[in-house]
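Reading through the structure tokens given below for one structure.
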Amino acid sequence: MKIMIKSLVTLFLLCFAVPAWATDSAVDTTADGPKVVVEKAVNGILHVLEQRKDLSKLTEEDRQAIGKQVDGRFNYRLMARRAVGKVWKKQSTEQQAAFTTAFRNLLERSYGNRLAAYKGQTVEFDDAKFKKTRALVKTRVIDGNKVIPVDYLLRKKNDVWQVYNIKIEGVSLISTYIKQFKGPLKKDGFDALLKSLNDKVERLKHKDVS
């Protein structure tokens, strides 16, 4: 997860200003609070990386195993919705679902390969800070003498905490994609953007097996 973090330095920060967060462990009353959600996702991914037969690459089996570690812990629908903004509400349920799938596939395929470079870095986790139904979990990736701050933003819905943005050294995943999608959405529309995401995913898949 550390290598992914370094690779995503061009990507992460929250779409809205975060007001003063109040630290209060008592707020976390669910079975898996924000910190536990992040710890399970990150440590689960690291375990998959450490158990690989070939430490130089990611196989499809590795990718599926990593995907299982984030299932239910990352809210890709909310990520996708924030990335495209107001145009989201104008789309059908089917279009929204298709875009969410394409967005997740793009993230996992684009940055998954960088996880193959994992070489035993460690992660430290702080206690969660809460703001109503939102939470912030600060972590630090220890890579030799370098410390890389990585913040996870989570939202609670139906008593479940899920990550909806990641902030790495002051750069946000969602805000970066907002900028990337703004031009294509204005010029060609939602359907064209969806097609371009799916096309890119297919190119990345072909590259991985070639």
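The values are calculated or read from the model by the stated rules, or taken from the named source; none is laboratory data. Please read these numbers as outputs of a predicted model, since none were measured by experiment. Here the Cβ positions follow ideal geometry from the backbone for every residue, glycine too, while neighbour counts run over all protein chains shown.
All conditions but one from (1) touching a helix residue (DSSP H, G or I) at 6+ places or on another chain (Cβ under 6 Å); (2) surrounded by fewer than 18 Cβ atoms within 10 Å (Cβ to Cβ); (3) within 28 Å of Ser196 (Cα to Cα) apply to Tyr164; the one that does not is (2). Scanning the range 76-93 for residues that are more than 21 Å from Lys157 (Cβ to Cβ) and among the hydroxyl-bearing types (Ser, Thr, Tyr) turns up just one, Ser92. Tallying residues that are under 11 Å from Phe190 (Cβ atoms) and not in a helix (DSSP H, G or I) within the range 75-100 yields 2. List pairs: first in the range 147-175 and free of Cβ contacts under 8 Å to residues at least 12 places away in the same chain, second aliphatic (A, V, I, L, M) and part of a strand (DSSP E or B), Cβ under 9 Å, 6+ apart or cross-chain? Pairs found: Val147/Val141. Filtered by the rule that a residue be modelled with pLDDT of 50 or more and surrounded by 14 or more Cβ atoms within 10 Å (Cβ to Cβ), the range 16-42 gives Asp32, Gly33, Pro34, Lys35, Val36, Val37, Val38, Glu39, Lys40, Ala41, Val42. Might you let me know whether the range 117-139 holds any residue that is in contact (Cβ under 8 Å) with a residue 60 or more places away in the chain, surrounded by 15 or more Cβ atoms within 10 Å (Cβ to Cβ), more than 12 Å from the chain's Cα centre (by Cα) and part of a helix (DSSP H, G or I)? Within the range 117-139 (the criterion being in contact (Cβ under 8 Å) with a residue 60 or more places away in the chain, surrounded by 15 or more Cβ atoms within 10 Å (Cβ to Cβ), more than 12 Å from the chain's Cα centre (by Cα) and part of a helix (DSSP H, G or I)), the answer is yes, since at least one residue qualifies. Of the set (1) more than 13 Å from the chain's Cα centre (by Cα); (2) exposed (fewer than 14 other Cβ atoms within 10 Å of the Cβ); (3) modelled with pLDDT under 85, all apply to Lys89 but (3).
For Pro149, the criteria (1) under 19 Å from Gly33 (Cα atoms); (2) in contact with an Asp or Glu (Cβ under 7 Å, 6 or more places away or on another chain) hold in every case but one, which is (1).
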